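A.B. asks: Below: one structure in structure tokens.
The values are calculated or read from the model by the stated rules, or taken from the named source; none is laboratory data. In this text, all values refer to a predicted model and were calculated from it rather than measured experimentally. With ideal geometry, Cβ positions are generated from the backbone for all residues, glycine too; neighbour counts draw on all protein chains shown. Just so you know, the surface numbers come from the protein's heavy atoms only, side chains and all, with ligands and any DNA or RNA stripped out. Shrake-Rupley method; radii C 1.70, N 1.55, O 1.52, S 1.80 Å.
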Amino acid sequence: KAGVTQTPRYLIKTRGQQVTLSCSPISGHRSVSWYQQTPGQGLQFLFEYFSETQRNKGNFPGRFSGRQFSNSRSEMNVSTLELGDSALYLCASSGGVNTEAFFGQGTRLTVV
Amino acid sequence: AQSVAQPEDQVNVAEGNPLTVKCTYSVSGNPYLFWYVQYPNRGLQFLLKYITGDNLVKGSYGFEAEFNKSQTSFHLKKPSALVSDSALYFCAVRAYNSGNTPLVFGKGTRLSVIA
């Protein structure tokens, strides 16, 4: 079956702009989580959605937001981009809290 | 809040030697524990998990991990390392049976297997 799909794979944006990233989970998975990966910081949790509701939220500023649609697809938005937002953004879906998460290949965001 | 510590940023091992990548965790109650591997410019791939039962868990590509509740550890091991095992490894924890806590990752350990 198809894996987790993230689009786009690469993005270059200018400071102050906003960006929207998309994630299509594995069919049947209702939980979608987002992570920011930067060198030296590992994976930092952004938020988790389950059945269109935000279930958990990480310690990121309000510029970072997300949503989940009825088909479980999820988007995250970052407004007023800063240079420090440059990172690999990873999306993961899972079938339940007791099961492993499956990751997409990520979106590489570069802010210039 | 739960957390994961991977005390080594880098582990170097010769091909054919056993390898260990260390992980300790902190969580309220019992944990769900996971190991993932990441190759360059790729997402994370699941290796193995501990949910309940046998403390020794076997996973993909010959990897295994041992859950030690008293030491709150979940070290990743492989009896004989391959050059192709060189990658970034992440340990992750989630509180048992809780949808109200996220899956939290450590900072990762870069494994380098030298031929």
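A.B. asks: Could you please find all residues in the range B:26-42 being surrounded by fewer than 21 Cβ atoms within 10 Å (Cβ to Cβ) and either within 12 Å of another protein chain (Cβ to nearest Cβ) or on the phi < 0 side of the Ramachandran plot (or both)?
C.D. replies: If the condition is that a residue be surrounded by fewer than 21 Cβ atoms within 10 Å (Cβ to Cβ) and either within 12 Å of another protein chain (Cβ to nearest Cβ) or on the phi < 0 side of the Ramachandran plot (or both), then B:Ser26, B:Val27, B:Ser28, B:Asn30, B:Tyr39, B:Pro40, B:Asn41, B:Arg42 are the ones that fit.
A.B. asks: Being within 13 Å of chain A (Cβ to nearest Cβ) and of a type outside the set (Phe, Trp, Tyr) is the filter here; which residues of the range B:43-64 pass it?
C.D. replies: Matches in the range B:43-64: B:Gly43, B:Leu44, B:Gln45, B:Leu47, B:Leu48, B:Lys49, B:Ile51, B:Thr52, B:Gly53, B:Val57, B:Gly59, B:Ser60.
A.B. asks: Inspect all residues belonging to the range A:70-84 and state whether any of them is polar (S, T, N, Q), without any contact (Cβ under 8 Å) to a residue 12 or more places away in the chain and outside any strand (DSSP E or B).
C.D. replies: yes
A.B. asks: Which residue is surrounded by the fewest Cβ atoms within 10 Å (Cβ to Cβ), if the candidates are limited to the range A:65-82 and must be within 14 Å of A:Leu11 (Cβ to Cβ) and of a type outside the set (Asp, Glu)?
C.D. replies: A:Asn77
A.B. asks: Further, regarding this structure: Identify the residue in the range A:29-44 that is open to solvent by less than 70 Å² (accessible area, probe 1.4 Å) and part of a loop (DSSP other than H, G, I, E, B) and, among all such residues, is modelled with the lowest pLDDT.
C.D. replies: The extreme case among them is A:Gly40.
A.B. asks: Let me confirm something: among A:Ser72, A:Ser79, which residue is among the small types (Gly, Ala, Ser), more than 14 Å from every other protein chain (Cβ to nearest Cβ) and closer than 19 Å to A:Gly16 by Cα?
C.D. replies: Numbers: A:Ser72 fails: closer than 19 Å to A:Gly16 by Cα.
It is A:Ser79.
A.B. asks: Sticking with this structure for a sec: In the range A:10-23, what count of residues is obtained for those that are within 14 Å of chain B (Cβ to nearest Cβ) and surrounded by fewer than 12 Cβ atoms within 10 Å (Cβ to Cβ)?
C.D. replies: From the range A:10-23, those within 14 Å of chain B (Cβ to nearest Cβ) are A:10, A:21, A:23; that's our starting set.
Now drop any that are not surrounded by fewer than 12 Cβ atoms within 10 Å (Cβ to Cβ), which leaves A:10.
Of the residues in that region, 1 qualify.
A.B. asks: Let me ask you something else. Restricting attention to the range B:69-115, and to residues there that are surrounded by fewer than 16 Cβ atoms within 10 Å (Cβ to Cβ) and facing chain A (nearest Cβ under 8 Å), which single residue is nearest to the chain's Cα centre (by Cα)?
C.D. replies: If we take residues in the range B:69-115 being surrounded by fewer than 16 Cβ atoms within 10 Å (Cβ to Cβ) and facing chain A (nearest Cβ under 8 Å), then B:Asn97 is nearest to the chain's Cα centre (by Cα).
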